[in-house]
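Peer 1: After the C-alpha cells below, expect a handful of questions from me.
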Number of protein chains: 2
Amino acid sequence: MDAGFEAHVRVGEETFDGRDAALLRAVAAHGSLNAAASTLGRSYSRAHGRIGDLEAQAGPLVERERGGSEGGGSRLTENARELLAQFERLQAALEGTATTERLVLDGTVRERDGDLVTVETAAGTVGALALTTADDVQASFRSDAVTLHAPESAPGESETSARNRFEGDVLSVERGDGTALVRVDVGAGDPLAVRVTATSLRELALSAEDRVVASFKATATRATAAPDAGESGER
Amino acid sequence: MDAGFEAHVRVGEETFDGRDAALLRAVAAHGSLNAAASTLGRSYSRAHGRIGDLEAQAGPLVERERGGSEGGGSRLTENARELLAQFERLQAALEGTATTERLVLDGTVRERDGDLVTVETAAGTVGALALTTADDVQASFRSDAVTLHAPESAPGESETSARNRFEGDVLSVERGDGTALVRVDVGAGDPLAVRVTATSLRELALSAEDRVVASFKATATRATAAPDAGESGER
DNA sequence: CATCGATATGTCTATGCCGATACAACGGTC
DNA sequence: GACCGTTGTATCGGCATAGACATATCGATG
C-alpha cells in the first residue's frame with residue numbers, strides 16, 4: 001500500500017511527462033534520436049513525432065543535423081535542458097513528499113482565518129492550511145518540516161515564524177546514511193518522526209529519553225477532511 | 001509552464017488513482033453505483049468491473065444490496081473510506097509541493113556524507129539531500145520550509161536542527177488570506193520566498209527593509225543535477 | 001405476481017496509442 | 001557516384017481501454 005505519482009509539466013497544449021523526459025535524456029546521452037528511441041525500445045517515428053509536438057508548444061528542443069560522415073545527429077537545445085531540469089526538480093520535490101513520512105493528527109477545527117485554521121488535537125493545538133471546509137479534520141505535516149530544539153534554548157513564541165510547537169521525550173534514534181530519524185512522543189497516538197542530519201543529532205546530543213522541543217510551521221501543515229463515517233456532502 | 005502530477009496508491013497488483021477515488025466518492029454521495037457511474041459519464045459495467053478488481057486486492061470496498069423497494073444500493077465500507085482518506089492525504093501533500101513556490105540555488109557540491117551533501121551557492125553554504133552524483137547541482141527547497149527569526153534572538157547553530165541559515169533584508173510583504181508571503185534578499189539571484197501566517201507576521205513585526213534570519217533544514221533541501229551544458233553521463 | 005430500480009455479467013465496437021515498416025532526402029566519406 | 005546512418009514522413013496493424021448494449025437476477029412494494 002504505498003504512495004506514488006506521475007509528474008508532468010504543462011507546456012502550452014502539451015503535457016511533458018516522465019516518458020518525454022526519458023526521451024530527452026536519451027537524446028542527450030546518445031547524440032541521436034534514432035539511438036535514443038531504440039535504446040528506450042520505442043519506435044523512431046513515434047519519438048520523432050512526439051518531439052515535434054512538444055516543440056510546437058515549447059519551442060526548439062533538439063538541434064538536428066542531417067547527413068555527414070556519421071549520418072547526422074541530434075543534440076538538446078538550452079531550452080530543452082532547462083525544461084528537463086525543471087521537470088527533474090519537480091520530480092525530486094514530489095518524490096520527497098511521497099516518500100517522506102507524515103504525522104497525521106485527528107482533530108477538530110476551532111477557528112478559521114482565511115485558509116488558515118486552528119485545529120485541536122490530542123497532542124495540542126496546531127495551526128494548519130485548510131483544504132476543506134469540514135470541521136472534523138486530519139492535520140498532517142512532513143517529518144522533514146519539523147525542527148528540534150534543546151528545551152532550555154527553544155525560542156519564544158514571538159521570536160520565530162514556527163507557530164506550532166510540541167514538547168516531548170525522544171523515543172528512539174535511528175541512524176541512517178548521513179541523516180537520522182528521531183521519534184518523539186508528543187502525546188498523540190503515533191510518535192512524531194523527525195528527520196535530521198547526523199550533524200544536528202550530534203550537536204543537540206540527542207538520545208532516547210531526552211526532552212526536546214519540536215517546532216513546525218502552520219503553513220507546512222495541511223488540514224484535510226477526516227474519513228467521515230456518516231454522510232456529509234461530496235468532494 | 002506549470003507543474004502537475006497524477007497521484008496513485010499501489011494496493012497489491014492494482015493501482016488506485018484519481019479516477020478510482022472519484023468513483024468511490026460518487027458512490028458515497030449517491031448511494032448507488034449506477035447513479036455514481038452515470039453522473040461521472042462512465043459505463044456502469046466498467047465501473048462495476050473496476051470495483052471488483054480493486055476489491056480483489058484491497059478487500060471489500062462497497063456493501064451491496066440487491067432488490068428492495070428502491071432496487072438496492074451501494075455504500076462504502078470503512079475500508080474504502082480509509083483508502084480514500086489515504087489517497088486524499090497523498091493528493092493534498094503532492095498538491096502542496098506542486099503549487100508551493102521553491103527557491104532554486106545553483107551551486108557546487110563540496111562534501112558528501114551518505115545522502116547528505118554540502119553545497120556552495122551564491123547565498124552561502126547549504127546542506128541538502130542529494131538525488132544525484134553530479135557535482136554541479138541545484139539546491140531547492142519549499143517556501144513553507146523556511147522559518148523566520150528576529151536577528152537578535154535567532155538560535156545558535158548547536159541549539160536547533162535547522163542547519164541552513166541565511167540572513168537578509170525583507171524586500172516585500174504580500175498579504176494573503178490568513179497567510180502572507182515574505183520575500184527576502186539573501187544574495188542569491190532570486191529572492192527567498194517564505195510563507196508565514198498573519199500571526200507570525202504580526203508578532204515578528206515584519207515589514208520591508210527589516211533584517212531577518214531565515215533558517216531551514218538540510219533534510220528539507222533537495223539537490224538535483226544542474227542542466228549540464230556539456231556531456232556528463234546519462235540518467 | 002407484476003413492477004421497478006438496483007446489482008451482476010458478458011459481448012460488441014469505437015477509439016486512441018504505439019510499434020513496425022517502408023521510403024525519401026540529406027550530406028559527408030571513400 | 002555508391003555507401004552509410006541519420007533525419008523526415010506516411011501508413012498499416014495490433015493491443016488495450018472503455019462506452020454501449022443486452023440480459024439475468026434480486027427483493028420489497030402494491
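The values are calculated or read from the model by the stated rules, or taken from the named source; none is laboratory data. Nothing here was measured: the structure is a model prediction, and the numbers come from that model. When we count neighbours, we look across all protein chains shown, and the Cβ atoms used for this are built from the backbone with ideal geometry, even at glycine. Side chains included, ligands, DNA and RNA excluded: accessible areas come from the protein's heavy atoms. Shrake-Rupley method; radii C 1.70, N 1.55, O 1.52, S 1.80 Å.
Peer 1: Give the relative contact order (percent, whole number) for chain B; include only Cα pairs under 8 Å separated by 6+ residues. Please list the in-between numbers first.
Peer 2: On the way: 407 pairs, mean separation 40.1, N = 235.
It comes to 17 percent, rounded to a whole number.
Peer 1: From zero up to wherever the largest Cα-Cα distance of segment B:102-225 sits, split into 5 Å bins and tell me the percent of pairs in each.
Peer 2: So the P(r) values, bin by bin, are 2, 12, 22, 23, 19, 12, 7, 3, 0.
Peer 1: Among bridges DSSP assigns within the protein assembly as shown, what percent are antiparallel (round to 5)?
Peer 2: Roughly 95 percent of the beta bridges in the protein assembly as shown run antiparallel, per DSSP.
Peer 1: Using a simple charge model, +1 on the beta-carbon of Lys and Arg, -1 on the beta-carbon of Asp and Glu, nothing else, what dipole does chain B show about its Cα centre, in debye to the nearest 20?
Peer 2: 940
Peer 1: Something else: Have a look at A:Leu148, B:Ala223, A:Phe5 and report the one farthest towards the positive end of the charge dipole of the protein assembly as shown, computed about the Cα centre with Cβ charges (Lys/Arg +1, Asp/Glu -1).
Peer 2: A:Phe5
Peer 1: Would you mind working out the magnitude of the charge dipole of segment A:8-99 relative to its Cα centre, with +1 at each Lys and Arg C-beta and -1 at each Asp and Glu C-beta, to the nearest 20 Debye?
Peer 2: 240
Peer 1: Same structure again: For segment B:26-66, take the alpha-carbon Rg, divide it by the Kirkwood Rh, and send me Rg/Rh.
Peer 2: Result for segment B:26-66 is an Rg/Rh of 0.95.
Peer 1: How large, in Å, is chain B by the Kirkwood hydrodynamic radius built from its alpha-carbon pairs?
Peer 2: Here the Kirkwood hydrodynamic radius works out to 21.4 Å.
Peer 1: A follow-up question, please. Taking loop as defined by DSSP and a crowding limit of 11 other beta carbons within 10 Å, which GluC sites (Glu not before Pro) in segment B:117-226 fit?
Peer 2: Details: sites: B:Glu120, B:Glu152, B:Glu157, B:Glu159, B:Glu167, B:Glu174, B:Glu203, B:Glu209; in loops: B:Glu209.
Those satisfying the criteria are B:Glu209.
Peer 1: Over 35 Å apart: what share of the alpha carbon pairs of the protein assembly as shown falls there, rounded to a whole percent?
Peer 2: Considering the protein assembly as shown, 40 percent of its Cα-Cα pairs are separated by more than 35 Å.
Peer 1: Take each complete run of DSSP H in chain B, measure how far its Cα atoms stretch along the helix's own axis, and keep only those covering 15 Å or more with mean Kyte-Doolittle hydropathy at least -0.5; list them. Present the calculation step by step, with values, prior to reporting the outcome.
Peer 2: Values: long enough: B:18-30 (18 Å, 0.36); B:44-58 (21 Å, -0.79); B:78-99 (31 Å, -0.38).
Helices meeting the criterion: B:18-30, B:78-99.
Peer 1: Something else: Which ³J(HN,Hα) values, rounded to whole Hz and listed in residue order, are derived for segment A:156-162 from phi using the Karplus coefficients 6.51, -1.76 and 1.60 in 6.51 cos²θ - 1.76 cosθ + 1.60 with θ = phi - 60°, glycine and proline given as x?
Peer 2: x, 4, 9, 9, 9, 9, 8
Peer 1: Excluding B:Ala208 itself, what net charge comes from residues whose Cβ is under 12 Å from its Cβ, given Lys and Arg +1 and Asp and Glu -1?
Peer 2: Charge balance near B:Ala208 sits at -3.
Peer 1: Report the antiparallel proportion of the DSSP beta bridges in segment B:8-99 as a percent, rounded to a multiple of 5.
Peer 2: Roughly 100 percent of the DSSP beta bridges within segment B:8-99 come out antiparallel.
Peer 1: Rounded to the nearest whole Å², what accessible area per residue is found for segment A:8-99 with the 1.4 Å probe? If you can, show how the numbers build up before the last one.
Peer 2: Working: 4520 Å² over 92 residues.
Each residue of segment A:8-99 exposes 49 Å² on average to a 1.4 Å probe.
Peer 1: Shifting gears a bit: Specify the inter-centroid distance of segment A:128-181 and segment A:41-65, based on alpha-carbon positions, in whole Å.
Peer 2: Going from one Cα centre to the other spans 46 Å.
Peer 1: Continuing with this model, one more query. Considering every pair of different Cα atoms, what Kirkwood radius, in Å, is found for segment B:1-105? Please list the in-between numbers first.
Peer 2: Numbers: mean 1/r = 0.0667 Å⁻¹.
Every distinct Cα pair counted, the radius reaches 15.0 Å.
Peer 1: Which value at 222 nm does chain A reach when only helices count, each DSSP H run of 4 or more adding -39,500 (n - 2.57), with the total divided by all residues and rounded to the nearest 500 deg cm²/dmol?
Peer 2: Taking each H run of at least 4 residues, the total per residue is -8500 deg cm²/dmol.
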